[in-house]
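The next block holds one structure in the form of structure tokens; read it before the comments.
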Amino acid sequence: MKMVLSQRQREELNKAIADYMLSNGYNEALEAFKKETDMPGEIDKKYSGLLEKKWTSVIRLQKKVNELEGKLSEAEKEFISGAPTREKRSPGEWIPRPPEKYELSGHRAPVTRVIFHPIFSIMISGSEDATIKLWDFETGDYERTMKGHTDSVQDVALDKDGKLLASCSADMSVKLWDFQTYECIKTMHGHDHNVSSVAFLPTSDYVVSSSRDKTIKMWEVSTGFCVRTYTGHREWVRMVRVSLDGNLLASCSNDQTVRVWAAGGKDVKAEMRDHDHVVECIAWAPESATQAINEAATAAAGGDNKNSFSHVGPFLASGSRDKSVKVWDVSTGQCLFSLLGHDNWVRGISWHPGGKYLLTASDDKSLRVWDIQHRRCHKRLDAHTHFATSLDFHRTQPYVVTGSVDQTVKVWECR
């Protein structure tokens with residue numbers, strides 16, 4: 001058998017073997033070995049423990065190589081399936097692909113909320129630096145900053161035409177801004193603590209807000225008056241969201257429940273408990289998701305399709321600090337199935353307009369795309385260098401935006 005080692009390498013290997021024999025006390029073998037290899041005198045210090053070191057590092061490097069090869073093949077697959085030219089997909093199946101299209105910095109504190117404008121190519125971010133910033137998501141340009149709040153901006157929302165912006169803040173106020181002039185037109189006071197969430201009703205003449213004072217309030221846009229207060233949560237109400245038809249409000253809270261209210265009255269329609277920790281975020285499912293949700297619910301119940309009960313909805317998804325995402329049938333108040341995979345709190349949630357996927361942002365710094373029908377994580381993107389706090393999916397264009405404690409806003413293209 002031909003040796004692949006050079007003369008010098010062979011001598012070094014012999015010395016390392018001799019040192020190994022010496023340190024383990026194999027003296028007779030060592031003497032014989034020295035004689036056979038014509039090794040002179042003492043073994044140099046630099047060979048002490050060398051054989052063991054090489055032995056372990058080879059195994060370590062092999063593991064690393066396997067890991068990197070795995071990552072590479074993943075990236076190649078990603079490149080092939082994500083490249084615009086290959087694998088024709090319908091827009092209903094487009095999902096965000098790495099790397100991000102833009103990384104936008106300018107906020108001087110964690111970004112708390114990001115949303116798209118329904119008509120212009122603008123997105124809006126709110127931050128703990130008390131400002132609201134506008135960016136162009138097609139060019140990646142910074143547009144302007146809206147100042148007025150005196151403490152962390154917790155949420156921003158637009159009416160359906162994108163002409164009015166509502167914002168709420170830890171300064172206990174809710175503000176309305178004219179989105180044509182970017183002026184603040186009303187400031188509404190009434191909450192007794194941090195206001196964590198705000199949303200418009202589809203008719204745009206009312207706004208709802210939720211607060212750490214445990215209440216949800218409804219405000220009339222034209223007058224700025226509080227017309228209704230919903231009480232029932234026992235802790236900080238983290239988020240409130242209005243159903244697509246405007247008849248229901250959903251809220252989630254530190255009391256670990258999700259509640260659904262009749263927007264027109266004050267009564268609770270459903271109180272849903274299944275999370276084991278603070279519920280951070282909620283999102284109403286679009287009509288297009290009904291089929292996928294039903295298939296997932298049937299599979300989760302272990303039923304066969306013959307006598308399966310079809311849920312009519314409406315459906316709601318919630319993300320929690322218990323690291324899970326749950327999908328609920330609001331009409332019955334039952335949890336249909338859970339999505340597990342995040343390694344930390346789930347902070348942001350948004351449905352894919354096509355209804356097949358649900359997207360979540362988490363304190364594990366990732367953005368995940370969940371395949372609803374099969375109840376599994378379809379894709380994971382390492383989105384940020386710190387906690388990912390919020391995300392939004394554009395209703396008509398193939399873009400996703402994420403915000404993070406790393407103070408950046410990132411735009412992701414879907415294909």
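Being touching a residue at least 12 places away in the same chain (Cβ under 8 Å) and either under 22 Å from ARG395 (Cα atoms) or in contact with a Ser or Thr (Cβ under 7 Å, 6 or more places away or on another chain) (or both) is the requirement here; does SER324 meet it? Spell out how you get there, then give the answer.
Details: touching a residue at least 12 places away in the same chain (Cβ under 8 Å): yes; either under 22 Å from ARG395 (Cα atoms) or in contact with a Ser or Thr (Cβ under 7 Å, 6 or more places away or on another chain) (or both): yes.
Judged against the criteria, SER324 is a match.
Consider SER204 against the criteria (1) more than 29 Å from ARG273 (Cβ to Cβ); (2) modelled with pLDDT of 95 or more; (3) of a type in the set (Gly, Ala, Ser): it satisfies all of them except one. Which criterion is unmet?
SER204 satisfies every listed condition except (2).
Being open to solvent by 50 Å² or more (accessible area, probe 1.4 Å) and either modelled with pLDDT under 95 or not acidic (Asp, Glu) (or both) is the filter here; which residues of region 337-352 pass it? Before you say what the answer is, go through the steps one by one.
Initial filter on region 337-352 (open to solvent by 50 Å² or more (accessible area, probe 1.4 Å)): 340, 343, 345, 347.
Matches in region 337-352: LEU340, TRP345, ARG347.
Just the residues that are closer than 19 Å to TYR357 by Cβ, open to solvent by 10 Å² or more (accessible area, probe 1.4 Å) and in a strand (DSSP E or B), please, taken from region 314-336.
LYS326, LEU336
Just for region 394-407: of the residues that are open to solvent by less than 10 Å² (accessible area, probe 1.4 Å) and within 14 Å of the chain's Cα centre (by Cα), which one is farthest from ARG108 (Cα to Cα)? Before you say what the answer is, go through the steps one by one.
Keep residues of region 394-407 that are open to solvent by less than 10 Å² (accessible area, probe 1.4 Å), which gives 394, 400-404.
Next cut, within 14 Å of the chain's Cα centre (by Cα) only: 400-404.
Working: VAL400: 22, VAL401: 18, THR402: 16, GLY403: 13, SER404: 12 Å.
The selected residue is VAL400.
Return yes when ARG97 is open to solvent by 100 Å² or more (accessible area, probe 1.4 Å) and touching a residue at least 12 places away in the same chain (Cβ under 8 Å) and no when it is not.
Judged against the criteria, ARG97 is not a match.
Please give the number of the condition ILE132 fails out of (1) open to solvent by 20 Å² or more (accessible area, probe 1.4 Å); (2) at pLDDT 95 or above; (3) of a type in the set (A, V, I, L, M).
So ILE132 meets the others, but not (1).
It is to be established whether one or more residues within region 354-363 are among the charged types (D, E, K, R), in a loop (DSSP other than H, G, I, E, B) and surrounded by 20 or more Cβ atoms within 10 Å (Cβ to Cβ).
Yes, region 354-363 contains a residue that is among the charged types (D, E, K, R), in a loop (DSSP other than H, G, I, E, B) and surrounded by 20 or more Cβ atoms within 10 Å (Cβ to Cβ).
Can you find a residue in region 78-85 that is open to solvent by 80 Å² or more (accessible area, probe 1.4 Å), farther than 30 Å from ALA383 by Cα, at pLDDT below 85 and within 52 Å of the chain's Cα centre (by Cα)? Steps first, answer last, please.
Applying the first criterion (open to solvent by 80 Å² or more (accessible area, probe 1.4 Å)) to region 78-85 yields 79-80, 84-85.
Now narrow it down to the ones that are farther than 30 Å from ALA383 by Cα: none.
Scanning region 78-85, I find no residue that is open to solvent by 80 Å² or more (accessible area, probe 1.4 Å), farther than 30 Å from ALA383 by Cα, at pLDDT below 85 and within 52 Å of the chain's Cα centre (by Cα), so the answer is no.
Do the conditions hold for ARG368, that is, is it open to solvent by 10 Å² or more (accessible area, probe 1.4 Å), under 25 Å from ILE124 (Cα atoms) and touching a strand residue (DSSP E or B) at 6+ places or on another chain (Cβ under 6 Å)? Break it down into steps so the answer makes sense when it comes.
Details: open to solvent by 10 Å² or more (accessible area, probe 1.4 Å): yes; under 25 Å from ILE124 (Cα atoms): yes; touching a strand residue (DSSP E or B) at 6+ places or on another chain (Cβ under 6 Å): yes.
So ARG368 passes the test.
Conditions (1) within 24 Å of THR215 (Cα to Cα); (2) of a type in the set (Val, Ile, Thr), marked per residue:
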site: SER121; (1), (2): no, no
site: ILE124; (1), (2): no, yes
site: ILE132; (1), (2): no, yes
site: ASP141; (1), (2): no, no
site: ARG144; (1), (2): no, no
site: ASP155; (1), (2): yes, no
site: LEU158; (1), (2): yes, no
site: ASP171; (1), (2): yes, no
site: VAL174; (1), (2): yes, yes
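Residues checked against (1) open to solvent by 20 Å² or more (accessible area, probe 1.4 Å); (2) in contact with a helix residue (DSSP H, G or I) (Cβ under 9 Å, 6 or more places away or on another chain); (3) of a type in the set (A, V, I, L, M, F, W, C); (4) not in a loop (DSSP other than H, G, I, E, B):
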position	(1), (2), (3), (4)
CYS168	no, no, yes, yes
ASP171	yes, no, no, no
LYS186	yes, no, no, yes
PRO202	yes, no, no, no
VAL207	no, no, yes, yes
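The values are calculated or read from the model by the stated rules, or taken from the named source; none is laboratory data. Note that this is a predicted model, so its numbers are computed, not measured. Backbone-built Cβ (ideal geometry, glycine too); neighbour counts: all protein chains shown. Accessible surface areas use protein heavy atoms only, side chains included; no ligands, DNA or RNA. Shrake-Rupley method; radii C 1.70, N 1.55, O 1.52, S 1.80 Å.
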